[in-house]
Amino acid sequence: MANILAVDDEKDILVLIRNILQRDQHTVTILEKAEDQSLDFFQGYDLILLDVMMPGTDGIELCRRIRPLVDSPILFLTAKSDEESIVKGLMTGADDYITKPFGVKELMARVNAHVRRESREKRQTKRLISGFMFDFDNKEVWLDDRKLPLTKNEYKIVEFLAQHKNRTFSREQIYEEVYGLDGDALYSTITEFIRTIRKKCKEHGADPIKTVWGVGYKWE
């Protein structure tokens, strides 16, 4: 069973896709307007179906935007069968295409084949959270193409809070994440780290860390 996203401006097509794929116990999310969603929305799916011809942001442009952020197969739904359109779509990062009108068995077989043989490493090396691009391999955070000048411990705090977005953590919990159970620094250092992180974020026009008075901090 896979978690699948289908994007198409035709509601009837989306309902058809959902009904077909739910027969194989897949969970299917449908979306009519891609431009209404942040890029964060497209992360976490096992497979994405994109219609090529959509008003506003079309499938090819959307694929180009989300491909660096998702490691799941992307399949195009297209009424075009000419080689140039197919190649253009595949060059943006799509894995396959299904030509409209498609049959029930064809859609089920193509989707299930990609879900079964998907072999990409599932650990995300990059992720967009609240407008911040996290590069987990290099321990870097970027905002509007500018890298935040974070120290090692500041980065640990930012990554921890962002990965648990909207959850509130006490100073003690954040302290254990940064220093471990055997740390010998003062809990007050966390307060100072939060202050400097906020200052650096505000210099870039952002303020994602909120204080929950009497409890701790959270990333919004």
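What's the percent breakdown of Cα-Cα distances in the chain across 10 Å bins, shortest bin first?
That works out to 7, 29, 26, 19, 14, 5, 0, in percent per bin.
What is the fewest-to-most order of 218, 105 by other Cβ atoms lying within 10 Å of their Cβ?
On the way: 218 17, 105 9.
Exposure proxy ranking, most exposed first: 105, 218.
Treat every Asp and Glu Cβ in region 84-153 as -1 and every Lys and Arg Cβ as +1, leave all other atoms uncharged, and give the resulting dipole magnitude about the Cα centre to the nearest 20 debye.
Numbers: 15 positive and 11 negative charges, 56 e Å.
That gives a dipole near 260 debye.
Compute the relative contact order of the chain as a whole-number percentage, counting only Cα pairs closer than 8 Å that sit 6 or more residues apart in sequence.
13 percent
Rounded to the nearest 500 deg cm²/dmol, what is the calculated helix-only ellipticity per residue at 222 nm for the chain, with -39500 (n - 2.57) per DSSP H run of length n ≥ 4? Please list the in-between numbers first.
Details: 7 runs with 79 residues, N = 220.
Helices in the chain give a 222 nm mean residue ellipticity of -11000 deg cm²/dmol.
Net charge near residue 107: determine it from the other residues with C-beta under 14 Å of the C-beta of residue 107, scoring Lys and Arg +1 and Asp and Glu -1.
Values: positive: 18, 23, 100, 105, 110; negative: 8, 24, 51, 96, 106.
The answer is 0.
Mind listing the long-range amide H neighbours of residue 140? Cut-off is under 5 Å, sequence gap 5 or more, other chains count too, H placed in the peptide plane at 1.01 Å from N.
135
Which of the lysines could a cross-linker bridge to residue 88, judged by Cα under 20 Å and excluding same-chain residues fewer than eight apart?
80, 100
How do 49, 143 rank when sorted from fewest to most other Cβ atoms within 10 Å of their own Cβ? List each step's numbers first, then the result.
Working: 49 26, 143 18.
In increasing order of surrounding Cβ atoms, one gets 143, 49.
May I ask you to sort 213, 219, 142 by Cβ crowding, counting other Cβ atoms within 10 Å and putting the fewest first?
Details: 213 5, 219 22, 142 16.
Least crowded to most crowded, the residues run 213, 142, 219.
Which pairs, out of 156/199; 126/210; 33/147; 33/105; 11/33, put more than 20 Å between their alpha-carbon atoms?
On the way: 156/199 16 Å; 126/210 23 Å; 33/147 31 Å; 33/105 27 Å; 11/33 10 Å.
As for pairs spanning more than 20 Å Cα to Cα, those are 126/210; 33/147; 33/105.
Every number here is computed from the coordinates shown, using simple stated rules; none is lab data. Since the model is a prediction, treat every value here as computed from it, not as a measurement. Cβ sites come from the backbone with ideal geometry, for glycine too, and all protein chains shown count toward neighbours.
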